[in-house]
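Below you'll find the structure, written out as structure tokens, and then a few comments.
The values are calculated or read from the model by the stated rules, or taken from the named source; none is laboratory data. Fair warning: this is a prediction, and the values are worked out from it, not measured in the lab. Every residue, glycine as well, gets a Cβ built from its backbone with ideal geometry; the counts of neighbours run over all protein chains shown. Accessible surface is based on the protein model in full, side chains and every heavy atom, while ligands, DNA and RNA are left aside. Shrake-Rupley method; radii C 1.70, N 1.55, O 1.52, S 1.80 Å.
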Amino acid sequence: MVSALLPKGLTRQLAIILILVALAGIVGVSLAAWQAERLVLEAQVNKNLMIAANLKSERLHNWLAERQADARLLAVNRINQEHFTKLFDDRINLQRKREFAVLLRDNLAGLQNSRRGYMEISMTDSEGIVVIGTNFERVDKPALPADISAQMVPSIDGSFFYDIFLHPDTGNPVMAFGHDIRAIDLETHRPTDRSIGSVLMLVEMQDTVYSFLGAIPELGDSAEALLVRPTENGVLYLSRLRFLDNAPLKLTAGLASPVAEAAHRAKMGEASAFHSLDYADQPIIAAYRQIEPAGWGLVIKQSEAEAFAPIYDLARRIFLSTVLVLLGAMLLAIFLARTLTRPIGALVTATQSIAGGNLGVSLHETRTDELGALSASFQQMVKALQERGKETQYLTDMLQRHADELEAAYSDLRRSDQLKDAFIRNITHELRTPIAILSGFTELLMDDVDEFTPEQREMLEALSSQSQQVTQLVSDVVALHNIAADSNERRPLRMVDIARAGLEAYRHRAKSKQTKGVYQFEFYCSDQEIEVFVHPGQITRAFDCLLNNAFKFSPSGGVISVQLRHIEKIDEDGQRADWQIVSVADEGIGIDEDDLPHIWERFFQADYGQTRRFGGTGLGLALVKEVVEAHGGQVWIDSLQGEGTTVSFSLPVYRIREPIALNIKALSPVQAYHD
């Protein structure tokens, strides 16, 4: 709302910043003052509550002591003890007993009439049956209900009392105080240790304790003093409550309430004040005192709204002061913002003109401060831009000429690629047709090879071999050309299936007598189902090239080993990468160390004598390298001349499934193929 009243742009932002700074300062000071005042007021409220709690607790202690003193006065009086003892002596006649009973009853009645709130006083035998009392109807009856006995609090001097309970006849809260009566030896007239009964006084709470609890006018209208008794389940309210009817001995606060926590601490001897919700769910601040020996808790409470009313008034005054200061700060901020942003606005207008292509802008600023220096620097920048504009136009024209030349060169390159593709398609088509015819005629002639002389048969075999070699050369050239073009035909597959299919093909070649000599080969594969994302035809051709070289250069009886394994590597970014490693090893003639750096080159063959002996086009390993690298892998070779060669390549793993449920013995045999 405030920002809507301010000018737009930088002026608004500066004004808002100034207003926020002023607001932060005012709020900070106000909060500090408010917090300090609150702490002082809270300390004063706590002090007042503690003073009231001390006064009330002292009065309660005195009241309990006076009631116990009255019971002791009746019980230890020598005359009362002697008369009460004679009531139980069979040697005393009935008339004398009646006289003693009247005297005792008069003593009880005299004390009851002189004390406020005394409901009845009685003398009971050792079984708790009333013998003499101010209430004639209770004579020869139990002085107290049986369920009240558990509330008795005894003392070592013979006195005792029963905590507050509801009287069974009136339903009002009462309390019982008593003292043991010791028998008198009638011959020596001295007291004995034998208890023959007790004095019991019933005192109403309404006219005694409750009269000086309740409201506390000096602490305010919401202040209240009340009694509680700690229990296993929390605290039980013992006194009447100002804001809730029928509460004594019926309302309980749970163990989780602050009142129960304060009662526990007070029971341990601590005096505490606390914040809580009272029985009416109103926020209060209260003090707690333990009342011994009754085991009560005295709570003096006052509502927070009344206790902190001065703070709330202070908060309202602070709020009004803040509003007034903010209005003044807003006017000052708008004035300062306009003064600061006027030259900046002129710069913005000039910048927009330059962005539109007008470099003839000029500023006439007479200020001598930082904004004036900024305007002067801007004018110098405009002049520099005018000079740079000329240079930029020259460079732009030059770049355009080079771009046109590159475009023409790119068009020529595309035409060259198209001509190359057309040339390869045409030449392979023109070569395959006559080679196929030549191979067909050669095979027909070799079917009748017995009709030819040895020299003629040797020429036919050479012709057939050369036809196959030229066919292989054409096929390799086409495969090399199509490596990049077939990238869209890749799919996930298992390398173990390609390897098994290649080995199966050579098994059929051995059976059909297309191989010479005896070969043994081994196939090893891990038990994981690993898939790679490859072009099936290209990877199959690369594997067949390696397998063909191994068979071609292995002597009769040599072992050819094919191994598939899985490894993990950490790349440059620290990420884990999975790779499928394929290795084909033989025990053939090996490769000379000087030839190893060149074996991946197209049409390279180790030495011409071996080439004539084993044949080949010199494109096999080049094809393998380009296929593997096109799939994101690597290829390498290990060879010792005269001992054998191992060619390996790696492919990135596409996914790893659960261990394959295949017959490992069928995948990893040692087999021998014979011609």
Is it fair to say residue 119 is within 25 Å of residue 207 (Cα to Cα), out of contact with any Pro (no Cβ under 8 Å at 6 or more places or on another chain) and open to solvent by 70 Å² or more (accessible area, probe 1.4 Å)? no
Looking at the range 558-600, which of its residues are of a type in the set (Lys, Arg) and within 23 Å of residue 540 (Cβ to Cβ)? 565
Among (1) at pLDDT 75 or above; (2) open to solvent by 40 Å² or more (accessible area, probe 1.4 Å); (3) part of a loop (DSSP other than H, G, I, E, B), the one test that residue 629 misses: (3)
Of the numbered conditions (1) open to solvent by less than 60 Å² (accessible area, probe 1.4 Å); (2) part of a strand (DSSP E or B); (3) under 25 Å from residue 491 (Cβ atoms), residue 543 fails exactly one; give the number of that condition. (2)
Restrict the check to the range 172-186 and report whether at least one residue is open to solvent by 10 Å² or more (accessible area, probe 1.4 Å), closer than 16 Å to residue 83 by Cβ and without any contact (Cβ under 8 Å) to a residue 24 or more places away in the chain. yes
Search result, residues across the range 278-298 that are within 43 Å of the chain's Cα centre (by Cα), open to solvent by 10 Å² or more (accessible area, probe 1.4 Å) and at pLDDT 80 or above: 282, 283
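Just to be sure I understand, how many residues within the range 187-234 are over 21 Å from residue 253 (Cα atoms) and part of a strand (DSSP E or B)? Walk me through how you get there before you give the answer.
Applying the first criterion (over 21 Å from residue 253 (Cα atoms)) to the range 187-234 yields 187-209, 211-212, 216-221.
Checking which are part of a strand (DSSP E or B) leaves us with 190-204.
Qualifying residue count, the range 187-234: 15.
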Considering only the range 199-207, I want to know if a residue exists there that is closer than 30 Å to residue 156 by Cβ, in contact (Cβ under 8 Å) with a residue 60 or more places away in the chain and in contact with a His (Cβ under 6 Å, 6 or more places away or on another chain). yes
Within the range 86-104, identify whether any single residue is surrounded by 14 or more Cβ atoms within 10 Å (Cβ to Cβ) and touching a residue at least 60 places away in the same chain (Cβ under 8 Å), and answer yes or no. yes
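Would a scan of the range 283-297 turn up a residue that is more than 22 Å from residue 212 (Cα to Cα) and part of a helix (DSSP H, G or I)? Walk me through it before giving the result.
Our first condition is that a residue be more than 22 Å from residue 212 (Cα to Cα); within the range 283-297, this holds for 283.
Restricting the remaining residues to those that are part of a helix (DSSP H, G or I) gives none.
So far as the range 283-297 goes, no, none of its residues is more than 22 Å from residue 212 (Cα to Cα) and part of a helix (DSSP H, G or I).
Residues 48, 80, 113: which one is closer than 23 Å to residue 291 by Cβ and either open to solvent by 40 Å² or more (accessible area, probe 1.4 Å) or touching a residue at least 12 places away in the same chain (Cβ under 8 Å) (or both)? Explain how you work it out, then say what you get.
On the way: 80 fails: closer than 23 Å to residue 291 by Cβ; 113 fails: closer than 23 Å to residue 291 by Cβ.
The conditions single out 48.
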Residues of the range 353-410 satisfying the condition of being loosely packed, with under 11 Cβ neighbours inside 10 Å, small (Gly, Ala, Ser) and either modelled with pLDDT of 70 or more or in contact with a strand residue (DSSP E or B) (Cβ under 8 Å, 6 or more places away or on another chain) (or both): 355, 377, 384, 403, 408, 409
Do we find a residue being part of a strand (DSSP E or B) and under 60 Å from the mean Cα position of the chain (by Cα) anywhere in the range 137-152? yes
Filter the range 153-167 for residues that are without any contact (Cβ under 8 Å) to a residue 40 or more places away in the chain and open to solvent by less than 80 Å² (accessible area, probe 1.4 Å); the one that is nearest to the chain's Cα centre (by Cα) is 162
If residue 28 satisfies every condition in (1) modelled with pLDDT of 75 or more; (2) surrounded by 11 or more Cβ atoms within 10 Å (Cβ to Cβ); (3) among the small types (Gly, Ala, Ser) but one, which is the exception? (2)
